[in-house]
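Read-outs throughout are calculated quantities, based only on the coordinates presented, and are distinct from any laboratory measurement. All values derive from a computational prediction rather than experimental measurement. As a convention, Cβ positions derive from the backbone with ideal geometry for all residues, glycine included, and neighbour counts pool all protein chains shown.
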Amino acid sequence: MHPFDLKTVMLAKHAQHVVLIHFPIALFIIGVLFDFLAQWKKQRLLAAAAYYNLFVAAIATIPVVVTGILAWQWELEGQKLKGILLMHLVMGCLSSVLICVVWFIHMRTRRKQEEILPGYRLPIETVAVVIVALTGHLGGFLSGVNGPG
Amino acid sequence: MRRSVFIAGLVAALVLGIGVFGTRQKTSVASAQEKMSTMEVKIDNFSFGPVTLTVPVGTTVTWTNRDDIPHTVVSTDDSKTFKSKVLDTDEKFSFTFSKAGTYPYFCSIHPKMTGKVIVQ
């Protein structure tokens, strides 16, 4: 199996999910970090960087959710999940919703051309980062990255 | 009279002895067959053990997940000769091999985990 063979990459039924998942995780965490820095330093440039990171993170959740569900349907034939797999599915969906909610809060403020972002977004962002990190940890555990394999 | 009682007793003891011996032999043959017809593959630390298992036709192979992570056992041939559900820790999956051949398999959650059953 050649790692740069296009056919191998495209036809690896669930490998895409394991690869694509890193994009929303990284973008969202960096986006939240920029947002906290923007709040602290009162810098528009950091707020803009936060917005664009959160925007791309929200878009990146779509292929991740799709490939995750396809992996479940193809590789496990959609069988009833339990244990870590079920927890990963539920927390993955919750993470995606939270990422989109955080981006939506930022987007709405920009559309209304308001200067100040609502303060309630910060606890939501904090909870979202924790949920995303836990989901990623479970995914790493399932794939063997965080385990002995 | 005494003699005939003695002979009858001897015959009875002989018959009883043959009976017990025969039963024991049957039991030992049965347990040997049982031993031969069931083999176990352990799933642990993201690997199947033994990786290659050679068994006679008619053997039932049981995979037991001793790992903390869920795994599956899926044959790689097109007709998917055997395919387990997701096995959580300590769950088992069994399949009886009725035809000779080589049966490669893998874990569909962790495709790098592979194994093989050779049925002779």
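Of the trypsin sites (Lys or Arg not before Pro) in region A:105-149, the ones in a loop by DSSP (not H, G, I, E or B) with at most 13 other beta carbons within 10 Å are A:Lys112.
Among B:Met113, A:Met87, a tally of other beta-carbon atoms within 10 Å of each Cβ gives an order, fewest to most, of A:Met87, B:Met113. For chain A, the 222 nm mean residue ellipticity estimated from helices alone, with every DSSP H stretch of n ≥ 4 adding -39500 (n - 2.57) and the total spread over all residues, rounds to -26500 deg cm²/dmol. Among A:Ala71, A:Ala47, A:Phe28, pick out the residue whose Cα is farthest towards the positive end of the charge dipole of region A:6-143, where Lys and Arg carry +1 and Asp and Glu carry -1 on C-beta, about the Cα centre. Among A:Ala71, A:Ala47, A:Phe28, the one farthest towards the positive end of the dipole of region A:6-143 is A:Ala47. If the Kirkwood radius is taken over C-alpha pairs of region B:36-119, then at 25 °C and 0.890 mPa s the Stokes-Einstein diffusion coefficient equals 197 µm²/s.
Annotation: the antiparallel percentage among DSSP beta bridges lying fully within region B:36-119 is about 65. Counting only Cβ charges, +1 for Lys and Arg and -1 for Asp and Glu, the dipole size of chain A around its Cα centre is about 380 debye. Shielding by partners for peptide A:75-86, expressed as the average number of C-beta atoms from other protein chains within 10 Å of each residue's C-beta, is 4. Using C-alpha pairs under 8 Å with a sequence gap of at least 6, the mean separation divided by the residue count of chain A gives a relative contact order of 24 percent. Projecting the Cα atoms of A:Ala128, A:Ala15, A:Trp103 onto the dipole axis of region A:6-143, where Lys and Arg carry +1 and Asp and Glu carry -1 at the beta carbon, places A:Trp103 farthest toward the positive end.
Annotation: extensible slack from A:Arg44 through A:Val19 equals 5.8 nm (criterion: 0.36 nm per residue apart, minus Cα-Cα distance).
Each part reduced to its alpha carbon centroid, region A:103-149 and region A:41-102 end up 9 Å apart. Loop-located chymotrypsin sites (Phe, Trp or Tyr not before Pro) in region A:56-149 (DSSP state not H, G, I, E or B) with no more than 10 neighbouring Cβ atoms inside 10 Å: A:Tyr120.
The order of A:Glu125, B:Glu40, going from fewest to most other C-beta atoms within 10 Å of their C-beta, is B:Glu40, A:Glu125. For chain A, the pair-distance distribution built from all alpha carbon pairs, in bins 5 Å wide starting at 0, is 2, 9, 17, 20, 16, 12, 10, 7, 4, 2, 0 percent. For B:Lys99, the aspartates and glutamates whose Cα falls under 17 Å of its own Cα, not counting residues fewer than eight places away in the same chain, are B:Asp77, B:Asp78. Within the straight-line cut-off of under 12 Å between alpha carbons, the aspartates and glutamates reachable from B:Lys42 are B:Asp67, B:Asp90, B:Glu91, sequence neighbours fewer than 8 places apart in one chain being disregarded.
Placing R0 at 35 angstrom, the Cβ-Cβ distance between A:Glu115 and B:Asp68 gives a FRET efficiency of 0.10 after rounding to 0.05. Working from label points 7 Å from Cα in the Cα-to-Cβ sense, the A:Val127 to A:Val90 distance is 1.6 nm. If R0 is 41 Å, what FRET efficiency do you get for B:Thr102 and A:Val145 from their C-beta distance, rounded to 0.05? E(calc), rounded to 0.05, equals 0.85.
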